[in-house]
Amino acid sequence: MDISTIVFYLIAITILGSGIMAVTSRKIFRSAIYLLFSLVGIAGLYFYLNYEFIAAVQIVVYVGGIVVLILFSVFLTSGSGEDMKKPHLGRALFSGLAAAFGCGLTMTFINHQDFISSGKPALDPSAENIGFQMLSTTEHGYILPFEVVSMLLLAAMIGCIVIAIKIKVPAHAILPETKRYHDDIDVPETIAVLEHNESIVKQS
C-alpha cells in the first residue's frame, strides 16, 4: 500500500466519520462543526484528484458560506447549547436502513457499469478553462447553473439577515411584568406576556 492510497483512506475516513457524527450528535452546534469537517474532507478529496478549482469552490461556497450561515443560525437560536431530543427508535432504524439501501444501490450501479474510455484526450481542468466554460453561453456553457447557484447564495444571505433582525417592542406596549428581575420571573406567565407583546407589535 503506497502513500497515495493511505491518504485516500484517511480522507475517506474523515468524510464518513464526520458525516456520521453530524447526524448522530445531540448538540446542534457540534453537528455543525462535524459538517464543517466533512465538507473540508470533500475539498481535500478534490485536491487529491488534482481538481484545485473545484476544491477552492468547495471551500469558499460550502465551508466559507453555507456552514458559516448555519453557525450563525445556531448561535441565534435559544437552545443552541442544549441537547436535542433523542430520536425515536423507529425513525433511527428507518434512517439507517435508508442510508444502507442508498449505499448498496450506488455500489451496485458502480459495479455493473462498464467504464469504457472514449479515446479522446481529457479536458484541461485548469481554472481558466473551467471559468470560461462556466461563463460561456455556447452549447457546452454553464452560465445558467452558475446564475442559479448565485441566486441560492443570495437567498442564504437574505435568510441570514432575516434571522438576525430583532423586533423592537415600543416602550408603551411593554407590560410592567416584563421589567421584573430574572429570578422572580415565572416561566408560563412570562410566555403569556411575550405573546401579548408580540400581538401588540403585529397590530401596530
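Calculate one ³J(HN,Hα) per residue across the range 112-117 by plugging θ = phi - 60° into the Karplus curve 6.51 cos²θ - 1.76 cosθ + 1.60, and present them in order as whole Hz with x for glycine and proline.
In residue order, the calculated couplings are 8, 8, 8, 7, 9, 6 Hz.
Could you compute the net charge surrounding F53? Neighbours are other residues with a C-beta less than 13 Å from the C-beta of F53; K and R count +1, D and E count -1.
Net of charged neighbours comes to -3.
Laboratory data are not the source of any read-out in this text; all were calculated from the coordinates shown. Source: prediction; values computed, not measured. No Cβ is skipped: glycine too gets one built from the backbone with ideal geometry, and neighbour counts run over all protein chains shown.
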